[in-house]
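Inspection log for the structure reproduced underneath, given as structure tokens.
The values are calculated or read from the model by the stated rules, or taken from the named source; none is laboratory data. Only a predicted model underlies this, so the values are computations on that prediction, with no experimental measurement involved. Note: ideal-geometry Cβ built from the backbone for every residue, glycine included; neighbour counts use all protein chains shown.
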Ligand SMILES: Cc1cc2nc3c(=O)[nH]c(=O)nc-3n(C[C@H](O)[C@H](O)[C@H](O)COP(=O)(O)OP(=O)(O)OC[C@H]3O[C@@H](n4cnc5c(N)ncnc54)[C@H](O)[C@@H]3O)c2cc1C
């Protein structure tokens, strides 16, 4: 990356941006961080350009969960119509998440909606179909979107910033929001960090399909075909777990199998796997016949193997001149066991848009405040991914049988009842004053408190 702005040279001065001019925001990556960023910035009157290297990322993925802290952001879009579209395709008829021992004994039932008002804000569904609803809404808003060409470099001077695309095109704007995911190039080019990934020691087999005739006829799988109640089952075994979901009467079935894997640290949403590898784990660990039947009756070619990689939290998400910010998994790569990766990505994006609006063209000020609003909270949910996994995998059964809520999905009030938009609006001015006055301290000290601690996520 080329830069003419030394780190921290700006205490939030607007460096050349004329007041009244529309801020031009370049968003890199059309994941849920990037899509939320373009929607929120466009709705707030900015000029927005999205650049995504995939031609069509709707083709990939199986299930993704967004909880109420993310759903509250979506529900404000188009008078709730985007939320309505999501609810049409997502799980809406589940009462419980059934928690079982891998051998099949029921241990605990966790309510799927912790509070009635969460129904409107909680979306679990097929990632590609959900992503398409975000993309369609961005299109309706008139966002300029470029798919199929990736960013290869970033640049930043005192009063402008931008990206270079693989075809050599340079795009210049006032601000870049880099939502380029776990393998973020922005982390390397902008923050000058090597990709310090470590094998988490685990991988997930994942699958999404429509129940086949054979699946529908299997006596152990009848529960998955109920048109009146969606199914969510969660089996925990030694150092492994399996989840199965079905909704819309079995027209949508997803399972994920989380297992130890020390092999390599590739990460891809299209790395196919053989069912026999999954069945080997199922048989050797001793998962029950229902789990075996689900995997066995998965249509051919529908299993992927996703290696889980751990990346430590970053010390900052901002470029030297604070015109480029990393958001979403690029900034804090959550493990799936956190249950919060997508939701935290959306919180980042909405916060960035509000700060850009409130800073009235002073991009460095906006992004510094954004980082201070988001830093501590996302840090806790990021770390929780490892802690939750260990609770599930390393809790001896005698403890779980004594206190089954130990293994309930971690969803504290301070996580789910959080309003990212209100928080940004209410805290912007005070934190902006800290930036302007050059208040001293480490980033965690200068940032908003996380709002809770990890134990609160687990013990509601
Ligand atoms: C294709 C895909 C399928 C997924 N499926 C699931 C799933 O089924 N279940 C689940 O829980 N999570 C899934 N995830 C991950 C999940 O969506 C994220 O962890 C979470 O939503 C945070 O989103 P993000 O936008 O920060 O990152 P991501 O969702 O990873 O999005 C990053 C985006 O940036 C793009 N990108 C990367 N580098 C560049 C570049 N140099 N130039 C331009 N664009 C670039 C990527 O192609 C990607 O679209 C998937 C992610 C992807 C990309």
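Restricting attention to segment 325-338, does a residue exist that is more than 14 Å from the ligand (Cβ to nearest atom), at pLDDT 95 or above and touching a strand residue (DSSP E or B) at 6+ places or on another chain (Cβ under 8 Å)? Looking for residues that are more than 14 Å from the ligand (Cβ to nearest atom), at pLDDT 95 or above and touching a strand residue (DSSP E or B) at 6+ places or on another chain (Cβ under 8 Å), one finds none in segment 325-338, hence no.
Conditions (1) more than 18 Å from the chain's Cα centre (by Cα); (2) over 24 Å from residue 415 (Cβ atoms); (3) at pLDDT 95 or above, marked per residue:
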{"position": "9", "(1), (2), (3)": "yes, yes, no"}
{"position": "12", "(1), (2), (3)": "yes, yes, no"}
{"position": "16", "(1), (2), (3)": "yes, yes, no"}
{"position": "20", "(1), (2), (3)": "yes, yes, no"}
{"position": "24", "(1), (2), (3)": "yes, yes, yes"}
{"position": "57", "(1), (2), (3)": "no, yes, no"}
{"position": "60", "(1), (2), (3)": "no, yes, no"}
{"position": "80", "(1), (2), (3)": "yes, no, yes"}
{"position": "87", "(1), (2), (3)": "yes, no, yes"}
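Considering 279, 243, the condition of being part of a strand (DSSP E or B), over 30 Å from residue 176 (Cα atoms) and free of Cβ contacts under 8 Å to residues at least 24 places away in the same chain is satisfied by 243 alone. For residue 359, state whether it is assigned by TED's automatic domain parsing to the domain that holds residue 428, in contact (Cβ under 8 Å) with a residue 12 or more places away in the chain and within 20 Å of residue 70 (Cα to Cα). Here the answer is no, as residue 359 does not meet what is asked. Listed by first and then second residue, the pairs with beta-carbon distance under 7 Å, at least 6 apart or on different chains, first residue in segment 374-392 and farther than 17 Å from residue 69 by Cα and in the same structural domain as residue 431 (by TED's automatic domain parsing), second modelled with pLDDT under 75 and surrounded by 19 or more Cβ atoms within 10 Å (Cβ to Cβ), are 388/410; 391/407; 392/407. Given the options 165, 193, name the one that is within 23 Å of residue 330 (Cα to Cα), near the ligand (Cβ under 10 Å from one of its atoms) and surrounded by fewer than 22 Cβ atoms within 10 Å (Cβ to Cβ). It is 165. Listed by position, the strands (runs of 3 or more DSSP E) contained in segment 148-231 that have at least 3 residues being without any contact (Cβ under 8 Å) to a residue 24 or more places away in the chain form an empty set. Name the residue that is nearest to residue 285 (Cα to Cα), counting only residues in segment 88-104 that are crowded, with 20+ Cβ neighbours inside 10 Å and touching a helix residue (DSSP H, G or I) at 6+ places or on another chain (Cβ under 8 Å). So the residue we want is 99.
For the residues 329, 312, 283, the requirement of being over 18 Å from residue 207 (Cα atoms) and buried (at least 21 other Cβ atoms within 10 Å of the Cβ) singles out 329. When you scan segment 340-361, do you find a residue that is within 12 Å of the ligand (Cβ to nearest atom), at positive phi, touching a helix residue (DSSP H, G or I) at 6+ places or on another chain (Cβ under 8 Å) and assigned to a helix (DSSP H, G or I), even just one? No - not one qualifying residue is present in segment 340-361. Each residue in segment 114-126 was checked for being in a loop (DSSP other than H, G, I, E, B) and surrounded by fewer than 18 Cβ atoms within 10 Å (Cβ to Cβ), and 1 pass.
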